[in-house]
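**Q** This is the structure I want to talk about, given as structure tokens.
The values are calculated or read from the model by the stated rules, or taken from the named source; none is laboratory data. Small disclaimer: the values here were computed from a predicted structure and weren't measured. Every residue, glycine among them, receives a Cβ derived from its backbone with ideal geometry; neighbour counts consider all protein chains shown.
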């Protein structure tokens, strides 16, 4: 099995009201050194395969077809090394 | 065909929540609407299977389908794409109206059916992004109808007339790829795909709160290039009766509200076209 982490973030320049509001709240809590907050969605996906090249192709398609809307999102994904998973 | 023969499929999924009001709107105007769960169309539950081709209009109502997980309307769009794509395409090609209201509009955009510039696409061409206010906006909206005739199902709406319908959404900001705003705007105008724009009581394209979400060019609703797939964020079923208007107690007016014409027009189109 391959486990991948997919990150979906708003493109640079697209309004991020969730990040902006979180920034405001953090500033109000006294964290005045915080100057920007960006909201990012993360998905962890398990794939029933050992074929990493194929998995990457599928992950690319998953991002385009569901996990991200390419109009407003950039996305990236990485395969999580087995050691990192075992250390959990 | 007669109005009472018009079968309207009001599609439901876990999390949709405006199907009853939508069914009521069509029923009160003499049509034959039915709430149909997506699984009734794509699977074969004993005795409950329905075929999309048996209906003359399809409505995707508002709500929070599949919890709005991933993105508003994204999972609904995926379920439609995986299970109903062929039937849906045939339905659209026949010229039958497909109407998305609020969450239904979000699903049609995620599906690539709207705006459908240059035809239907596999990936979305637009997004209904998070409101500029970053929260749920629930307030009356005034919508100027700007279509020049492309949208057959809404042909009864007077050009530049104002329709009042409540907005109730968190993700309603019509957004297109950065840098392509003017080009998309021009293409929408040229193909006559613009339906509704948010205005203030003076009829001008105002900012917040009249534009509740920060939508590009105050866009509240669009149709496909053929005019039979349409979507809008505000809820015309929530202004079906005069008493649903915010000034009802002051006006003393009874009977139907602004929303009636929206549904009446769709039914008139169907009875004349089929």
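**Q** So residue B:100 clears everything in (1) modelled with pLDDT under 95; (2) in contact with a strand residue (DSSP E or B) (Cβ under 6 Å, 6 or more places away or on another chain); (3) away from chain A (no Cβ under 14 Å) except one condition, right? Which one?
**A** Every listed condition holds for residue B:100 apart from (1).
**Q** Pick from segment B:195-250 the residues that are in contact with a helix residue (DSSP H, G or I) (Cβ under 7 Å, 6 or more places away or on another chain) and in a loop (DSSP other than H, G, I, E, B): which of them is surrounded by the most Cβ atoms within 10 Å (Cβ to Cβ)?
**A** B:233
**Q** Which residue, of B:80, B:88, B:52, is farther than 29 Å from residue B:244 by Cα, touching a helix residue (DSSP H, G or I) at 6+ places or on another chain (Cβ under 8 Å) and without any contact (Cβ under 8 Å) to a residue 40 or more places away in the chain? Lay out the reasoning, then the answer.
**A** On the way: B:80 fails: without any contact (Cβ under 8 Å) to a residue 40 or more places away in the chain; B:52 fails: without any contact (Cβ under 8 Å) to a residue 40 or more places away in the chain.
The conditions single out B:88.
Table: residues versus (1) within 23 Å of residue B:256 (Cβ to Cβ); (2) within 19 Å of the chain's Cα centre (by Cα); (3) within 14 Å of chain A (Cβ to nearest Cβ).
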| residue | (1), (2), (3) |
| --- | --- |
| B:156 | yes, yes, no |
| B:178 | no, no, yes |
| B:181 | no, no, yes |
| B:188 | no, yes, no |
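**Q** Here is a follow-up. Name the residue that is farthest from residue B:110 (Cα to Cα), counting only residues in segment B:158-176 that are away from chain A (no Cβ under 14 Å) and in contact with a helix residue (DSSP H, G or I) (Cβ under 6 Å, 6 or more places away or on another chain).
**A** Initial filter on segment B:158-176 (away from chain A (no Cβ under 14 Å)): B:158-168.
If we keep only those that are in contact with a helix residue (DSSP H, G or I) (Cβ under 6 Å, 6 or more places away or on another chain) too, we end up with B:164-166.
Details: B:164: 26, B:165: 23, B:166: 22 Å.
Looking at the filtered set, the residue picked out is B:164.
**Q** Related question: For the list (1) surrounded by fewer than 20 Cβ atoms within 10 Å (Cβ to Cβ); (2) part of a strand (DSSP E or B), I need the number of the one condition that residue B:95 fails.
**A** (2)
**Q** How about segment A:1-12: which of its residues are within 14 Å of chain B (Cβ to nearest Cβ) and either in a helix (DSSP H, G or I) or surrounded by 10 or more Cβ atoms within 10 Å (Cβ to Cβ) (or both)?
**A** Initially, segment A:1-12 is screened for residues within 14 Å of chain B (Cβ to nearest Cβ), giving A:6-12.
Within segment A:1-12, A:6, A:7, A:8, A:9, A:10, A:11 meet the criteria.
**Q** Going by the structure shown, is residue A:3 within 13 Å of the chain's Cα centre (by Cα) and either over 15 Å from residue B:134 (Cβ atoms) or free of Cβ contacts under 8 Å to residues at least 24 places away in the same chain (or both)? So that I can check it myself, show each step before the final result.
**A** Details: within 13 Å of the chain's Cα centre (by Cα): no; either over 15 Å from residue B:134 (Cβ atoms) or free of Cβ contacts under 8 Å to residues at least 24 places away in the same chain (or both): yes.
So residue A:3 does not fit the description; no.
**Q** Does segment A:76-88 include one or more residues that are within 11 Å of another protein chain (Cβ to nearest Cβ), surrounded by 12 or more Cβ atoms within 10 Å (Cβ to Cβ) and in a loop (DSSP other than H, G, I, E, B)?
**A** no
**Q** Oh, and also: Could you go through segment B:83-92 and let me know if any residue there is assigned to a loop (DSSP other than H, G, I, E, B) and at the interface with chain A (Cβ under 10 Å from one of its Cβ atoms).
**A** no
**Q** Also, I was wondering about something else. Are any residues in segment A:43-60 surrounded by fewer than 16 Cβ atoms within 10 Å (Cβ to Cβ) and either at the interface with another protein chain (Cβ under 10 Å from one of its Cβ atoms) or more than 30 Å from residue A:16 (Cα to Cα) (or both), and if so, which ones?
**A** Answer for segment A:43-60, where residues must be surrounded by fewer than 16 Cβ atoms within 10 Å (Cβ to Cβ) and either at the interface with another protein chain (Cβ under 10 Å from one of its Cβ atoms) or more than 30 Å from residue A:16 (Cα to Cα) (or both): A:48, A:49, A:50, A:51, A:52, A:53, A:54.
**Q** Applying the selection to segment B:130-154, what residues are free of Cβ contacts under 8 Å to residues at least 40 places away in the same chain, on the phi < 0 side of the Ramachandran plot and within 14 Å of chain A (Cβ to nearest Cβ)? Step through it out loud before you land on a result.
**A** Kept after step one, since they are free of Cβ contacts under 8 Å to residues at least 40 places away in the same chain, are these residues of segment B:130-154: B:134-136, B:138.
Restricting the remaining residues to those that are on the phi < 0 side of the Ramachandran plot gives B:135-136, B:138.
Across segment B:130-154, the qualifying residues are B:135, B:136.
**Q** Among (1) crowded, with 19+ Cβ neighbours inside 10 Å; (2) in contact with a strand residue (DSSP E or B) (Cβ under 6 Å, 6 or more places away or on another chain), which single condition is residue B:37 missing?
**A** So the condition that residue B:37 fails would be (1).
**Q** I would also like to ask the following. Out of segment A:13-37, which residues are away from chain B (no Cβ under 13 Å) and under 22 Å from the mean Cα position of the chain (by Cα)? Steps first, please.
**A** Filtering segment A:13-37 down to residues away from chain B (no Cβ under 13 Å) leaves A:26-36.
Residues satisfying the conditions are A:26, A:34, A:35, A:36.
Okay, residues lined up against (1) part of a loop (DSSP other than H, G, I, E, B); (2) loosely packed, with under 15 Cβ neighbours inside 10 Å; (3) without any contact (Cβ under 8 Å) to a residue 24 or more places away in the chain; (4) out of contact with any helix residue (DSSP H, G or I) (no Cβ under 7 Å at 6 or more places or on another chain):
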{"residue": "B:4", "(1), (2), (3), (4)": "no, yes, no, yes"}
{"residue": "B:10", "(1), (2), (3), (4)": "no, no, no, no"}
{"residue": "B:22", "(1), (2), (3), (4)": "no, no, no, no"}
{"residue": "B:30", "(1), (2), (3), (4)": "yes, yes, no, no"}
{"residue": "B:41", "(1), (2), (3), (4)": "no, no, no, no"}
